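J.: Following this message is one structure expressed as structure tokens.
The values are calculated or read from the model by the stated rules, or taken from the named source; none is laboratory data. Model, not experiment: these values are computed from the prediction. Don't worry about glycine lacking a Cβ; one is built from the backbone with ideal geometry, like all the others, and counts go over all protein chains shown. Ligands, DNA and RNA are excluded from the accessible area calculation, which covers all protein heavy atoms including side chains. Shrake-Rupley method; radii C 1.70, N 1.55, O 1.52, S 1.80 Å.
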Amino acid sequence: MLAVIAIVGGRLAFLTLRRPAMAPASTKSAPMTAERVARGKYLFEVVADCEGCHSQRDFSRFGGPLVRGGRGMGFVFRADLGLPGSVVAPNITPDRETGVGAWTDGEKIRAIRDGVTRDGRALFPMMGYPRFRNMSDEDAESVAAYLNTLAPVRNALPRTSLAFPVSLLIRSEPRPAGSVPPLDRNNRVKYGKYLVILAGCQECHTRTDQGKPVGQPFAGGEEFRLSPELVAVSANISPDPETGIGRWSEQRFLDAFYKYKGYLASGPPKSGPERFTLMPWLAFAQMEPEDLKAIYAHLMRQPPVANKVETHPGYGR
């Protein structure tokens, strides 16, 4: 018994004292060219949907559109959604006191791809750095360049505070991304895989248990608790012809996203529980056609998985 206690105590001490794996932040500044800023804006607002977590949104309307003036100012997630503590997406506007205005571009990129803050804390991996470490150097610099152009918003928020043992276990999640070369956008399937990773398609459309994948990739079935009473479930987007998107043409795939383009101009309607969604339709409706085609090409090369999913249990589809 004493041996067991010693082993457990030693392991706990190791986790308590352990620091996240990290490399020094780059001293290079992000090129502030029009092209880089535009690319960063596209990645931030559309592909990676960074503002989906880091901005204030109106969840009474379909898709949770951005609240005017709320871009990048941060968001505190509800405590009753089954999260392991108080989770806060911080203010990432250039405000020097409450945002990231005092951070170097290298520190911003390290947080995005490596999962480590300026002061060396591990970020909760709900922030997508495990997949963003695949982001190319050029794209990461572009996101940093775009962040530099945001209007600074003074909005002091508390830090994320996680319950034990998650607070210790996440310290093993960060790791240096190193240097990531750009993807050849002419290779549609490979570039589609890159976009799928950045957009978190597999992450949301694969069933997990305690954060670990247990379902087949892209087969759906992952539950997202929106309130104590309301659950939304991710759809099967594998190429299964009966329960997935195997019978969809490329044009039908594009239309599934572009049918929401009208909401971008007029504003989405009020939404009840039967239509509530965490799928970033409003962001992806702005994706370039060639990018959506690349995503479609990648998905169609995945193994088909028969898995019928009811996306809104109790409300029908």
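J.: Which FRET efficiency value, to the nearest 0.05, do you get for Arg159 and Asn187 by plugging their Cβ-Cβ distance into 1/(1 + (r/R0)^6) with R0 = 45 Å?
T.: That gives a FRET efficiency of 0.65.
J.: So, with a 1.4 angstrom probe, what is the percent of accessible area on the chain that is carbon and sulfur?
T.: Whole-percent figure for carbon plus sulfur exposure: 55.
J.: Over the chain, what is the mean sequence separation of C-alpha contacts under 8 Å (at least six apart), divided by residue count, expressed as relative contact order in percent?
T.: Reported relative contact order: 20 percent.
J.: Residues with beta-carbon under 12 Å from that of Val46, excluding Val46: net charge, scoring Lys, Arg +1 and Asp, Glu -1? Kindly include the intermediate steps, with their values, before the conclusion.
T.: Details: positive: Arg39, Lys41; negative: Glu45, Asp49, Glu51, Glu288, Asp291.
Spelling it out: positives minus negatives among the neighbours equals -3.
J.: Leaving out same-chain residues fewer than 8 places away, which aspartates and glutamates sit with a Cα under 17 Å from that of Lys270?
T.: The reachable aspartates and glutamates, counting only those whose Cα sits under 17 Å from Lys270, are Asp58.
J.: Along the Cα→Cβ direction, 7 angstrom out, place labels at Thr149 and Gln286. What is the inter-label distance in nm?
T.: Each label point is offset 7 Å from its Cα along the Cβ direction, giving 1.1 nm.
J.: Return the subset of Lys41/Lys190; Lys41/Lys193; Lys193/Lys293; Lys41/Lys108; Lys259/Lys293 for which the Cα-Cα distance in this structure is over 18 Å, preserving the input order.
T.: In this structure, Lys41/Lys190; Lys41/Lys193 exceed 18 Å between Cα atoms.
J.: Specify which labelled value, from [x] 18.2; [y] 31.9; [z] 16.0, agrees with mean projected area of the Cα convex hull in nm² derived from the coordinates of the model shown.
T.: Comparing each candidate, only [x] matches the computed number.
J.: Identify all aspartates and glutamates with a Cα-Cα distance to Lys212 below 12 Å; exclude those on the same chain that are fewer than 8 residues away in sequence.
T.: Glu203, Glu222
J.: Not counting ligands, DNA or RNA, and with a 1.4 Å probe, what is Met279's accessible surface area in Å² rounded to the nearest 10?
T.: Answer for Met279: close to 50 Å² accessible.
J.: Starting from the Cα of Ser227, step 7 Å along the direction of its Cβ; do the same at Arg78; then give the gap between the two resulting points in nm.
T.: Each label point is offset 7 Å from its Cα along the Cβ direction, giving 0.6 nm.
J.: What's the FRET efficiency of Leu169 with Ala265 using the Cβ-Cβ distance as r and R₀ = 35 Å, to the nearest 0.05? Walk me through the numbers on the way to the answer.
T.: Details: r = 45 Å, r/R0 = 1.27.
Efficiency computed from Cβ-Cβ geometry: 0.20.
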